[in-house]
Amino acid sequence: MSRRRLRPRLAWLLPGCLALAAFAQGVAPADRRLVLINTHTGEEVESVYFRDGGYATAELGRLDWLLRDHRSGGVLPMDKGLFDLLHELATAAGREPYYEVISGYRSPETNAKLAAASDGVSSRSLHMKGLAIDVRLRGYPTDKLRDLALARKAGGVGYYPDSDFVHLDLGRVRNWSG
């Protein structure tokens, strides 16, 4: 069989293979798992944050702690939709949901300092409301992650090729490059 004919067949099998791999790790196909590493603190959290049809409160707390403002130590509950978006994007990419996090929650004070120092930071950033995250999907090109996020039309998508990350938020649908 030619490669051209084989590739669509393999793409069709990929979701089943990912579900089988998740099952082998003790994660049911309907469960949602993330592995996040904070690039500033080096902390890593592996979490099945959605299990048996519901969100696991303790796991959401662990994710919120990892995504705290590393400058001030402030913690805010992040919107669960962000975690679902990360999970969906990794699945669409055919990758393990292993993300390097550049920025999660930002306190208003931290955001004001960053906005004063750079015109690339909004003074009304959704990071302050737990509605935004800046990430890389390990082993996956950020321009392709941007494209997957744009196709979802779930909110804002910012692409920062020089810093090699994608901004995702749950605000209105829009996009930009920085």
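The values are calculated or read from the model by the stated rules, or taken from the named source; none is laboratory data. On a predicted model such as this, the values are computed, not experimentally measured, just so you know. Note that we place each Cβ from the backbone using ideal geometry, even for glycine, and neighbour counts take in every protein chain shown. Just the protein is used for accessible areas: all its heavy atoms, side chains included, with ligands, DNA and RNA removed. Shrake-Rupley method; radii C 1.70, N 1.55, O 1.52, S 1.80 Å.
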Have a look at H127, Y98, L82 and report the one farthest towards the positive end of the charge dipole of the range 69-151, computed about the Cα centre with Cβ charges (Lys/Arg +1, Asp/Glu -1). H127
Just the ratio, please: alpha-carbon radius of gyration of the range 90-178 over 2.2 N^0.38 Å, N its number of residues. 1.06
Given labels modelled 7 Å from the Cα in the Cβ direction, how far is it in nm from S123 to E44? 4.1 nm
Taking Cα pairs under 8 Å and at least six residues apart, what relative contact order does the range 39-160 come out at, in percent? 22 percent
In the range 21-178, if every C-alpha pair distance is counted and binned at 10 Å from zero, what percent goes to each bin? 11, 43, 37, 9, 1
State the extension gain, in nm to one decimal, for the chain segment bounded by A116 and D162, taking 0.36 nm per residue of separation less the distance between their alpha-carbons. 14.5 nm
Multiplying the sequence separation of A30 and L150 by 0.36 nm and subtracting their Cα-Cα distance, what value in nm do you get? 40.8 nm
Descending accessible area (1.4 Å probe), largest on the left, turns H70, H40 into H40, H70
Straight distance only, please: which aspartates and glutamates reach the Cα of K80 with their own Cα at less than 17 Å, same-chain residues fewer than 8 apart left out? D31, E46, D52, E59, D64, E88, D134, D169
Taking Lys and Arg as +1 and Asp and Glu as -1, residues besides A154 with C-beta under 14 Å from its C-beta add up to +1
Expressed as a percent, the accessible surface of the range 19-163 that is carbon or sulfur, using a 1.4 Å probe and the full set of protein chains, is 52 percent
